[in-house]
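Notes for the one structure printed next.
None of the figures in this text is laboratory data; all of them are computed from the coordinates on show. Note that this is a predicted model, so its numbers are computed, not measured. Cβ coordinates were reconstructed from backbone atoms using ideal geometry, including for glycine residues, and neighbour counts include every protein chain displayed.
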Amino acid sequence: MFCDFAQVREGLLFVSSGGVTRSLRDELPAPIGVFLAMVIELDRFEAQQQHTLLVRVIDEDGKELAEVNGTFEFGSPEMLLIDEQPSIPITLDIRNVAVERYGPVLANIYVDGQILHGVNLHVMQSPNS
């Protein structure tokens, strides 16, 4: 989800003003002005492996505005209760990603090369401008 602010502390995801769907900008180009927060859920087998994360932020024409990649792993699944699902909270500070035009922006989230989810944001002209 897009949000005003997000952080992970002691394995917990903290989100402020989550569910942002619009980014109002007086003029362009301008920074997009949001964080991206997510929780990746794994099964017990996947929790024992290292995974790749790729996030591509694109505009409506498919132009790449930003790409963030890295790796993550859960750690020891022995810490889990029998019916507990392993999950990894992740935040990305993409506030300074530049947008050059008004319209939809999509953040595609890939884990191990497979698309996991897409999150939409509409960059719109501020009504005050």
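When N is the residue count of the chain, what does its C-alpha Rg come to as a fraction of 2.2 N^0.38 Å? Provide the component values of the computation, followed by the final result.
On the way: Rg = 16.3 Å, N = 129, 2.2 N^0.38 = 13.9 Å.
Here the Cα radius of gyration is 1.17 times the empirical estimate.
Give the percent of DSSP beta bridges with both residues in the chain that are antiparallel, rounded to the nearest 5. Numbers along the way, then the final one.
Details: 41 of 45 bridges.
Percent antiparallel among DSSP bridges in the chain is about 90.
Go ahead and run the numbers for FRET between residue 85 and residue 124, Cβ-Cβ distance against an R0 of 41 Å, rounding to 0.05.
On the way: r = 37 Å, r/R0 = 0.90.
It comes out at approximately 0.65.
Neighbour counts of other C-beta atoms within 10 Å: give me 79, 38, 1, 124 arranged from fewest to most. Display every interim value, and only then the final one.
Values: 79 10, 38 22, 1 18, 124 14.
Least crowded to most crowded, the residues run 79, 124, 1, 38.
Simple spin-label model, 7 Å along Cα-to-Cβ: residue 116 to residue 41 in nm?
Spacing of the two 7 Å Cα→Cβ label points: 1.2 nm.
Going through region 1-79, which GluC sites (Glu not before Pro) have at most 14 other Cβ atoms within 10 Å and a DSSP loop state? Could you put the intermediate results ahead of the total?
Numbers: sites: 10, 27, 41, 46, 60, 64, 67, 73, 78; in loops: 10, 27, 60, 73.
Answer in residue order: 10, 27, 60, 73.
With a cut-off of at most 16 other beta carbons within 10 Å, and DSSP calling the residue loop, which chymotrypsin sites (Phe, Trp or Tyr not before Pro) in region 26-78 qualify? Please list them.
In loop regions of region 26-78 (DSSP not H, G, I, E or B), the sparsely surrounded chymotrypsin sites (Phe, Trp or Tyr not before Pro) are 45.
Tell me, what is the percent relative contact order of region 1-82, built from C-alpha pairs under 8 Å that lie six or more residues apart?
Working: 102 pairs, mean separation 19.0, N = 82.
Relative contact order comes out at 23 percent.
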